[in-house]
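Participant: Got a structure for you, questions after.
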Amino acid sequence: MDESLLVRKIDWGTVLDHIPAWSAEQVIRLLNLKHLRENPDVSLIVLQNVPSRRLGRKDIVKLYHYMVAKDEAGILALIFPTITINYIRDWKVEKEKPGIPERIVGRIKCPETSCITNLKREPAVPRFEVRQKHGVIQCMYCDTLLEIAKIPEYLI
Amino acid sequence: MSGSRAESKTTLPTKGLISCRDLSLSEVSEIFGLAERLVRGEVRLSSSLLGKKVALVFAEPSTRTFQSFYLAAKTLGAEAVSIADPTVSSMAKGESLYDTLKMLELYGASCIVLRHPARGAARFASESVSIPVINAGSGSQEHPTQALIDVFTIRRKRGRVDGLKIGMLGDLRYSRTIPSLCHLLSLYSGVEIYFMAPQILQVRREVEMYLEERGVQFAKIDNSEEMRRVMPVLDVLYVTRIQKERFPDPTEYEKVRGYYVVDSTTLSYLRDDVGIMHPLPRVDELSPEIDHAPNAWYFEQAGNGLSIRIALLHLILGGE
């Protein structure tokens with residue numbers, strides 16, 4: 001079944017394509033929902049487990065009137081390497097394969113409970129270095145490793 | 001003390017010392033060079049930090065580290081300002097580390113020596129103030145000045161560090177001295193490390209990754225048969241205490257309590273010249289029956305703490 005039969009095309013916004021099947025929920029959590037909700041014109045459309053030539057089955061997230069920021073795109077690409085991002089402006093589609101960020105700041109909680117970034121009164125913003133070769137990110141304060149696959153569990 | 005004055009020019013980072021990963025071999029050699037001259041009484045530094053204030057912030061218990069930093073500051077002529085008992089400071093009222101450090105900076109502290117139970121506390125502190133911060137223990141993460149003492153002791157006793165085979169026995173997971181010691185040893189050529197501990201106390205993955213990236217050979221050994229096979233090849237046996245206070249689950253501690261004791265039987269597996277080291281304090285893992293063995297280095301190791309910390313404060317604070 002072609003997804004175009006399920007949801008009409010959008011003229012302005014972002015389409016996150018080639019998300020592994022049944023992972024759209026994690027993708028939405030990774031997006032800055034606060035920003036999404038601040039804009040009353042934003043619509044969020046989720047397609048799950050639709051047929052895909054490349055992946056067999058996939059999820060798609062369409063964000064009408066919302067442009068996913070580059071840093072958000074980078075985190076998404078880190079966790080879901082198959083993801084492609086289409087920015088749509090006046091029906092014109094720009095496909096993008098986002099680059100992997102070197103650092104992630106303020107989006108992920110350190111899994112180490114004794115890390116300084118987990119002490120509530122300390123103004124320490126969690127900061128991670130991406131160590132993709134090892135499949136982990138590393139806290140730049142306490143050195144603790146977090147598997148890339150487990151990032152969604154620690155989103156702020 | 002008599003003799004020439006020490007050189008005050010240094011390449012040491014003026015931000016202080018947060019991790020041994022931040023040190024180059026030439027910087028380590030500079031610290032060791034000055035510490036060696038101090039041990040031999042060849043250098044006089046009695047007023048090199050006159051007019052400076054060294055703030056000692058110890059939010060965790062300490063004997064050796066606190067006392068040696070305090071004495072080091074005094075020896076150099078600096079004023080030592082201490083928060084050694086957080087229960088009598090505003091930290092007990094819930095004041096943040098950040099606010100405490102900012103106040104000390106505003107009161108004119110020249111540097112902060114910090115011990116704190118949180119991992120990453122020293123890195124955070126160094127970003128929070130503009131004066132140098134010296135990490136005197138950041139939870140179970142690091143203890144870089146202890147590592148300097150350890151390697152300085154090895155170098156003095158053995159005459160070299162390159163090519164040595166070093167066994168690390170005990171709580172390698174929660175001991176903060178182990179990561180720092182590994183970082184520092186990675187600066188030397190041909191060092192081989194044997195991590196000897198049960199699985200739940202084995203060295204953390206980030207330490208392994210660091211050693212792999214630096215090309216340091218290491219092996220993890222978790223059974224006593226294999227340990228006995230490795231013991232005869234060691235040049236140094238570094239023993240650590242099980243860090244009861246850092247176990248998230250007390251039942252896990254009970255499982256490993258008393259897992260190992262280094263005593264005269266252990267010595268029988270080792271070569272006669274193998275140095276036994278321990279960062280102290282010890283509990284039951286190191287029997288007093290070997291205290292008088294010629295290869296029991298741990299008290300001399302602790303004694304070297306003062307010279308290393310004098311050298312470090314002098315070099316970081318640009319002592320005259």
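The values are calculated or read from the model by the stated rules, or taken from the named source; none is laboratory data. Given the structure is predicted, the values throughout are model-derived calculations rather than measurements. Note that each Cβ is placed from the backbone with ideal geometry, even for glycine, and that neighbours are counted across all protein chains shown. Remember, those area values only see protein heavy atoms, side chains included, never the ligands or the DNA or RNA. Shrake-Rupley method; radii C 1.70, N 1.55, O 1.52, S 1.80 Å.
Participant: With the condition kept exactly as written, say whether any residue in the range A:3-20 is of a type in the set (A, V, I, L, M), open to solvent by 30 Å² or more (accessible area, probe 1.4 Å) and either at pLDDT 85 or above or under 12 Å from the mean Cα position of the chain (by Cα) (or both).
Facilitator: No, because not a single residue in the range A:3-20 is of a type in the set (A, V, I, L, M), open to solvent by 30 Å² or more (accessible area, probe 1.4 Å) and either at pLDDT 85 or above or under 12 Å from the mean Cα position of the chain (by Cα) (or both).
Participant: Restricting to the range A:114-134, name every residue that is open to solvent by 30 Å² or more (accessible area, probe 1.4 Å), more than 7 Å from every other protein chain (Cβ to nearest Cβ) and either modelled with pLDDT under 95 or not in a loop (DSSP other than H, G, I, E, B) (or both).
Facilitator: A:Asn118, A:Lys120, A:Arg127, A:Glu129, A:Arg131, A:Gln132, A:Lys133
Participant: Assuming B:Ala122 fulfils every condition listed in (1) open to solvent by less than 10 Å² (accessible area, probe 1.4 Å); (2) touching a helix residue (DSSP H, G or I) at 6+ places or on another chain (Cβ under 7 Å) apart from one, which condition is it?
Facilitator: (2)
Participant: Hey, among the residues in the range B:96-113 that are within 11 Å of chain A (Cβ to nearest Cβ) and of a type in the set (D, E, K, R), which one's surrounded by the most Cβ atoms within 10 Å (Cβ to Cβ)?
Facilitator: B:Asp99
Participant: Can you find, within the range B:163-211, the residue that is least open to solvent (accessible area, probe 1.4 Å) among those that are touching a His at 6+ places or on another chain (Cβ under 9 Å) and more than 26 Å from B:Phe32 (Cβ to Cβ)?
Facilitator: For the range B:163-211, the residue satisfying everything is B:Met209.
Participant: Could I ask something else about it? Considering only helices (runs of 4 or more DSSP H) fully contained in the range B:186-286, which possess at least 2 residues that are within 28 Å of B:Arg21 (Cβ to Cβ)?
Facilitator: B:205-213
Participant: If you go through the range A:21-38 one residue at a time, do you hit one that is modelled with pLDDT under 95 and assigned to a strand (DSSP E or B)?
Facilitator: Within the range A:21-38, not a single residue is modelled with pLDDT under 95 and assigned to a strand (DSSP E or B).
Participant: Can you pull out every residue in the range B:229-279 that is open to solvent by less than 50 Å² (accessible area, probe 1.4 Å), closer than 20 Å to B:Arg158 by Cα and of a type in the set (A, V, I, L, M, F, W, C)?
Facilitator: B:Val230, B:Met231, B:Leu234, B:Val236, B:Leu237, B:Val239, B:Leu267, B:Leu270, B:Val274, B:Ile276, B:Met277, listed by residue number.
Participant: Test each condition in (1) within 14 Å of chain B (Cβ to nearest Cβ); (2) assigned to a loop (DSSP other than H, G, I, E, B) for A:Gly99 and report the one that comes out false.
Facilitator: (1)
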